[in-house]
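Note sheet for the following structure.
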């Protein structure tokens, strides 16, 4: 049995039940008390997301200020259960537009009950695709006043197509203007040693797509990945055009992509769902262009003073710029006073996370910026123990830049009516876990 | 229970219920609306229904409004209907009489022209879970399975499973499984097929123990025809259904290698699926199919590496934990294949500790000649981690790598650097490791001892670390000039030393030191022996006395005993047997992998029940009298559980399969000694000669009360039992663990027996009158569990041990007998049965 979930609970941080759904009788109704007693009220909470109490296993995850707990009594499939929770939350979000938190649940509990009934029956996951469910659960969620997203209008004459060959797209869609938006979003993960060596570096990217296309279009996407290009040149018996090619370590696709064709021809062809979806995910470890270099020098001057010097260099194109750059430099708990000098941006000491936080709103390419800070410490009893320095962490977004070098070469759209489409492509690179040891 | 929620800002109604008046107010309003056909009625009904449901969610009992809700349900508004179904489903079980009211409108809705309403009504109908309404289910289900709408068929398929769980007989008699099977093979809608598949799987799995036919049907599900049929349609299924199908395929036994490659080729693209659960399920199929083909199996590892590593990096930390657990399992099976991927297992600062722990274990496992330097460097970074348990874990990891490798030079240096970090926990962990290292590589003693000698024993507080330090002081006292004096000062503070482990080591170290440097140590040894003899801890006292007598007898013999020339340890014991590991591997993609133990250890009743017992402290009684100190037994029960799992993991002397190991004897006898001493009271009660007479009268009286005929019992066999048999719980547990099950049988229990079981004491007294003693009993309705024993009257003391589990709701009893003399167990079973039947249980 993949997942025969016995029950699902939504709890707030105090442990109050917001919503629960018992799918099977094999667990008692007091299971939530066991969860509260043995997990929430102990230090166990953060230690492991899968716990066994009595004969039942609790799989739980926290999403904003809500705990979602799945209770199973059998030897369930963990990966499937967690994926189910994640997908269910995505579904709820698409119904009430944006936030998923305690208030959203309280405001939409009838809708959630309705959805819980459809997405799981007797403990087995059924259909979680928002496209399909919106055909027959048309109740609108209560949106938070801050979300500006317009509500999707239910299609009144949609035939009830719960499943089928193209389960993710309904027929008869008509748009006045046919548009496709492609967003290539990459996050760079870096772990650099204190000596400046790259210990580990990879890029996880995803291609997000927003389609407003009429009918049943067939799409084909071309990237500058090595295998795809080689295959193409083989098929067309034409040498590879010069230009940078990249090697993808691993790719996964949305269920709409024809995987057989990907494996044989190395092309990404698909019939897209309507609206927004994640077309593919990939991972790259070779040839990553790091957008920033960080050069820290931290000197401990005696027991009560520290000198922190951080230089950040941007190594992407001079015409580009990074947004929302944040550098967090950890300092000891007993920090008393700080003073800063920065060449750009602003720096301050944040006592709640024990970090010097340096923010630069806009950081042009091929430039560098420095922060020097003096930190005074309170001398304490524990001064004999040396301070272990956590790594410096960095956040940023660089539009129109991909750390992997991935580029969209073409996006072709075929539809039997032969309309013209407008394609928009955007690139953005964000910091994943960008850590520099010092 | 749950406090009322904060008032929802958007909800039109205040959600602060004050209690009963609110409910009666709701009832009134509902009643007014019930007959109304006014244009705005549905909207006001919606608001009211919402309020009812919100009270229900919060935990306020609104079942009083049941009939009003039903009256209001006559509406065409689908949202209203859904809310009403939800309400009915919630309260039907505790108010079966009221549920009957709803049958009518649900049945009517099952014939609605809108397939959505038909489906919803059918789902609600099946979810009522009221046994006496089963008869109303069969017809709508049958119609539902033949419905023109796939939505209704989908719901109906699951409905069959729901019916099966309410009343298996009704479900099977109506021949629903056969209908499902044909639906599974013919239905054009993939979700219907998927639902049929899991329903059939579950039904036949549960039925397989009961009938031959069911287990044949279960086999058919795994036949080539069905597996291929479903595999060919796999792309039509949604992601969740694909997981299900892949799970089925993983159980399929391929006929030949072509078969294997066909399936793998068909499924290879599934490894690129966006849903991690599908990828993992596919990996399971690949791994299991290629088990017998070593080369291909290895290629599979190479192939699945990339997708697995991607999965680890994407999604929430809970998801990556689930994937990492599986990766961990694979890494442990074939560390060589992952040795070049070590960088993927470096910990991020922000990783939660449960992820870090797994990564550390994997780094340890894949370390080899080529990557040791990098891995150890990385691990050393973690030693200063803010998260102390992880820092400890990483030091241990460094030590483990050192024990695996030949080139330990660099690692020893690193370890010694840890000692200079001057953090208590780092020093403590490192000392323990240095000790283990020296046991394996005595040649490093010079380097280590030089550093260890500098550590002040005052900075070492943890017992394990202190013991390790003392061990080194004793073992290498000839190389450490201060050794006798450090030992002396430690011995002076004997009384302040709380841990017996440390005091034991202190005794031994003083002895060893004495043989190497007699004049300097003599005084300290004397003090140690004196303190040891006066020690309140039994083991410490015994060891001191033993050393003393040994020295008195012959000093050179004592030296040979205490300080013999040692051989370096070559391999430290593996913690988990390969059999257990294989079992976990068989259950790939399930909780077993996360828990790192096979499923029977956490789902099997045998293994679970001791735990549940321990939770029901109040319900457990010992012997035939409720003994005040029963929780003590409970503790030993817990210990049992613990020691069982340890034993399994250690792969210790094999127990009699999973069934018997639940009650194997504790390996650590200290724990059971405690419980033994506390149970002497009950033991005397059992062997009290006055007791049987009294109880036999009691049981006769009960027999009369129940009006049972004694003559119905089978003639007692020739075996005679000792009426005064005595066995202490410790021995019972040990025997239970050692002996094999000689008879295991299921019997049915008569209704009178069940009625009598409301007081288990009565059964216990009755059995005692038949010379069968109860040693422990417990449980809560409907499950009761008894442990009995009996002794053969003549000849050597041969015991019979019985475990009897009675389920009053299914009227079944399960009897397991173990005997010292297995040949006599048949005869004993006869006696046991006749005793039970006299009581009316059989």
Study note, to complete from the structure: Of the residues in region B:355-396 that are away from chain A (no Cβ under 11 Å), more than 26 Å from residue B:316 (Cα to Cα) and part of a helix (DSSP H, G or I), the one that is farthest from the chain's Cα centre (by Cα) is B:373
Review point. Which of the residues spanning region B:303-353 are assigned to a helix (DSSP H, G or I), out of contact with any strand residue (DSSP E or B) (no Cβ under 9 Å at 6 or more places or on another chain) and facing chain A (nearest Cβ under 7 Å)?
Key: B:323, B:353
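Restricted to region A:169-193, and to residues that are touching a helix residue (DSSP H, G or I) at 6+ places or on another chain (Cβ under 9 Å) and within 12 Å of chain B (Cβ to nearest Cβ), which residue is nearest to residue A:224 (Cα to Cα)? Reasoning before the result, please.
Restricting attention to region A:169-193, the residues satisfying the condition of being touching a helix residue (DSSP H, G or I) at 6+ places or on another chain (Cβ under 9 Å) are A:169-170, A:189, A:191, A:193.
Checking the rest, the ones that are also within 12 Å of chain B (Cβ to nearest Cβ) come to A:189, A:191, A:193.
Numbers: A:189: 22, A:191: 27, A:193: 31 Å.
Ranking the qualifying residues of region A:169-193, first place goes to A:189.
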Check your understanding: Out of all the residues in region B:480-499, is one or more part of a loop (DSSP other than H, G, I, E, B), crowded, with 16+ Cβ neighbours inside 10 Å and in contact (Cβ under 8 Å) with a residue 40 or more places away in the chain?
Key -> no
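Yes/no matrix, rows are residues, columns are (1) in a strand (DSSP E or B); (2) at pLDDT below 95; (3) within 29 Å of residue A:202 (Cα to Cα); (4) within 14 Å of chain B (Cβ to nearest Cβ):
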{"site": "A:333", "(1), (2), (3), (4)": "no, yes, no, yes"}
{"site": "A:352", "(1), (2), (3), (4)": "no, yes, no, no"}
{"site": "A:376", "(1), (2), (3), (4)": "yes, yes, no, no"}
{"site": "A:434", "(1), (2), (3), (4)": "yes, yes, yes, yes"}
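Results for (1) modelled with pLDDT of 75 or more; (2) assigned to a loop (DSSP other than H, G, I, E, B), shown as yes or no for each residue.
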residue	(1), (2)
B:732	yes, no
B:758	no, yes
B:761	no, no
B:768	yes, no
B:802	yes, no
B:814	yes, no
B:838	no, no
Check your understanding: Filter region A:274-323 for residues that are more than 26 Å from residue A:249 (Cα to Cα) and in a loop (DSSP other than H, G, I, E, B); which is nearest to the other protein chains (Cβ to nearest Cβ)?
Key -> A:303
Review point. Residue check: is residue A:219 part of a strand (DSSP E or B) and at pLDDT 75 or above?
Key: yes
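Quick check, is residue A:12 touching a residue at least 24 places away in the same chain (Cβ under 8 Å) and more than 7 Å from chain B (Cβ to nearest Cβ)?
Details: touching a residue at least 24 places away in the same chain (Cβ under 8 Å): yes; more than 7 Å from chain B (Cβ to nearest Cβ): yes.
Spelling it out, residue A:12 is indeed touching a residue at least 24 places away in the same chain (Cβ under 8 Å) and more than 7 Å from chain B (Cβ to nearest Cβ).
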Exercise for review: Name every residue in region B:283-302 that is over 24 Å from residue B:354 (Cβ atoms), within 14 Å of chain A (Cβ to nearest Cβ) and under 26 Å from the mean Cα position of the chain (by Cα), in order of residue number.
Suggested key: B:285
Check your understanding: Before we move on, is residue B:116 modelled with pLDDT of 75 or more and facing chain A (nearest Cβ under 10 Å)?
Key -> yes
Point to revise | All positions within region A:25-39 that are buried (at least 19 other Cβ atoms within 10 Å of the Cβ) and under 17 Å from residue B:128 (Cα atoms) | key: A:27
Review point. Has region A:21-31 got any residue that is more than 19 Å from residue B:243 (Cβ to Cβ) and in a helix (DSSP H, G or I)?
Key: yes
Practice item. Might you check whether a residue that is within 10 Å of chain A (Cβ to nearest Cβ), in a helix (DSSP H, G or I) and modelled with pLDDT of 90 or more occurs anywhere in region B:270-277? Key: no
Exercise for review: Residue by residue through region A:76-95, note down the ones that are in a helix (DSSP H, G or I) and at the interface with chain B (Cβ under 7 Å from one of its Cβ atoms).
Suggested key: A:78, A:79, A:80, A:82, A:83, A:86
**Study point:** Qualifying position, being modelled with pLDDT of 85 or more and more than 33 Å from the chain's Cα centre (by Cα), among B:458, B:466
**Key:** B:466
**Study point:** Restricting region B:165-176 to residues that are touching a helix residue (DSSP H, G or I) at 6+ places or on another chain (Cβ under 7 Å) and modelled with pLDDT under 90, the residue that is surrounded by the most Cβ atoms within 10 Å (Cβ to Cβ)
**Key:** B:171
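The values are calculated or read from the model by the stated rules, or taken from the named source; none is laboratory data. This structure is a prediction, so every number in the text was calculated from the model and none was measured. Glycine gets a Cβ as well: all are built from the backbone with ideal geometry, and neighbour counts include every protein chain shown.
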